[in-house]
Structure formats: C-alpha cells, structure tokens
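Trainee: Before I ask anything, let me first share the structure, which is written out below as structure tokens.
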Amino acid sequence: MHKTLQAIPAENTVYYVRQALKSENQSASYTQPTKYVYGAEYANCVNVDPKNLTNFNADSWKSGGGYNNTPCLNYSYTLNGGSTMTFKTEGKGLIIVFKANSSGMGSIDVTVNGKTTKVNGNKQYTWGGPDAELGYYPETSGELNVSISGS
C-alpha cells in the first residue's frame with residue numbers, strides 16, 4: 001500500500017500528539033539543563049520597552065507601532081533626524097532588534113559604557129523583516145549606560 005505525501009506528515013503529527021498526551025499528567029516538572037551544546041547566554045533574555053528604563057530620552061526618535069503595526073515588537077522607534085536615544089539599565093548585555101533589508105535601511109551606533117558597536121540594517125538575503133544583533137555583551141552583569149544614534 002502506498003501512502004500519499006500528505007499522509008506521512010499527518011501520521012507524524014498524530015504520533016507526536018499521542019506522545020504529548022501520554023506525558024500530560026506527569027508530575028515531574030521541567031528542569032533547565034546545566035550543560036548546553038551552544039551555551040546559555042540568552043536563557044534569561046527579556047524584551048523591554050525602552051521608555052520604561054531609567055533616564056530614558058528618545059530625543060527625536062519617533063515611537064512606532066511595532067513591526068508592520070502589529071503587537072509584535074510594539075515598542076519600536078524610528079530615527080527621526082540625527083539625535084541620540086539614551087537610557088540606563090541593569091543587565092549582562094543588549095540585543096538590538098531591528099528591521100533589515102538588502103538596501104536602504106541605514107545603520108545605528110550603539111554605545112554602551114563607552115564601547116560602540118555599529119549595527120547595519122542592510123543585510124543580504126533579507127526582505128524587511130525583524131533581525132537582531134548583539135549591541136553589547138560584557139563578561140559580567142552591571143549597569144549599562146546606553147546611547148543609540150544612527151543614519
């Protein structure tokens with residue numbers, strides 16, 4: 001008996017649902033592993049609305065409606081002139097989420113505790129969707145004095 005191409009994924013999905021239902025009522029809770037194949041640097045990473053951070057100043061950066069005006073990334077900011085956004089926070093690093101495209105997106109300079117990283121929105125093989133890069137990642141946690149300027 002030959003199976004259709006649609007039957008194989010359907011059977012796999014049913015199998016995994018059955019396996020999940022078998023374990024649904026188990027009392028053992030999940031414990032995060034202590035060893036990782038690729039590292040756990042971002043295990044406790046959170047998204048933060050910059051306006052809720054200490055000493056936040058958007059200057060002329062314009063608050064937006066998020067990625068394509070959806071609830072996803074709803075605390076976005078767009079550069080409006082050559083001003084600098086500033087804020088302070090506590091943590092171990094800073095990840096910048098931005099819209100990337102293959103041309104015309106510009107770049108920003110992210111300065112944290114005196115160290116500057118250039119984040120470029122022009123990326124090959126992108127179509128205007130969200131992307132992310134490390135803006136800063138120190139050895140230890142601490143106060144982060146952040147300024148973001150761009151072109």
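The values are calculated or read from the model by the stated rules, or taken from the named source; none is laboratory data. What you are looking at is a predicted structure, and each value in this text was computed from that prediction instead of being measured. We place every Cβ from the backbone using ideal geometry, glycine too, and count neighbours over all the protein chains shown. For accessibility, only protein heavy atoms count, side chains too; no ligands or nucleic acids. Shrake-Rupley method; radii C 1.70, N 1.55, O 1.52, S 1.80 Å.
Here is a yes/no grid of residues against (1) surrounded by fewer than 16 Cβ atoms within 10 Å (Cβ to Cβ); (2) in a strand (DSSP E or B); (3) not acidic (Asp, Glu):
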{"residue": "Gly81", "(1), (2), (3)": "yes, no, yes"}
{"residue": "Met85", "(1), (2), (3)": "no, yes, yes"}
{"residue": "Lys88", "(1), (2), (3)": "yes, yes, yes"}
{"residue": "Gly104", "(1), (2), (3)": "yes, no, yes"}
{"residue": "Thr111", "(1), (2), (3)": "no, yes, yes"}
{"residue": "Gln124", "(1), (2), (3)": "yes, no, yes"}
{"residue": "Asp131", "(1), (2), (3)": "no, yes, no"}
{"residue": "Ile148", "(1), (2), (3)": "no, yes, yes"}
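Trainee: Okay, moving on. Taking interchain pairs and intrachain pairs at least six residues apart, which have beta carbon atoms under 8 angstrom, with the first residue in segment 98-122 and among the aromatic types (Phe, Trp, Tyr) and the second at pLDDT below 90 and not in a strand (DSSP E or B)?
Mentor: Partner pairs satisfying both residue conditions: Phe98/Met105; Phe98/Gly121.
Trainee: Oh, and also: When you look at Val97, is it more than 24 Å from Lys118 (Cβ to Cβ) and modelled with pLDDT of 80 or more, yes or no?
Mentor: It is false that Val97 is more than 24 Å from Lys118 (Cβ to Cβ) and modelled with pLDDT of 80 or more.
Trainee: Name the residues in segment 113-122 that are open to solvent by 30 Å² or more (accessible area, probe 1.4 Å) and in a strand (DSSP E or B), would you?
Mentor: Lys115, Thr116, Thr117, Lys118, Asn120, Asn122, listed by residue number.
Trainee: Restricted to segment 34-79, and to residues that are more than 18 Å from the chain's Cα centre (by Cα) and open to solvent by less than 60 Å² (accessible area, probe 1.4 Å), which residue is modelled with the highest pLDDT?
Mentor: Within segment 34-79, the match that is modelled with the highest pLDDT is Phe56.
Trainee: Could you check segment 109-135 and list, in sequence order, the residues that are closer than 14 Å to Pro50 by Cβ and modelled with pLDDT under 90?
Mentor: The one that is closer than 14 Å to Pro50 by Cβ and modelled with pLDDT under 90: Gly135.
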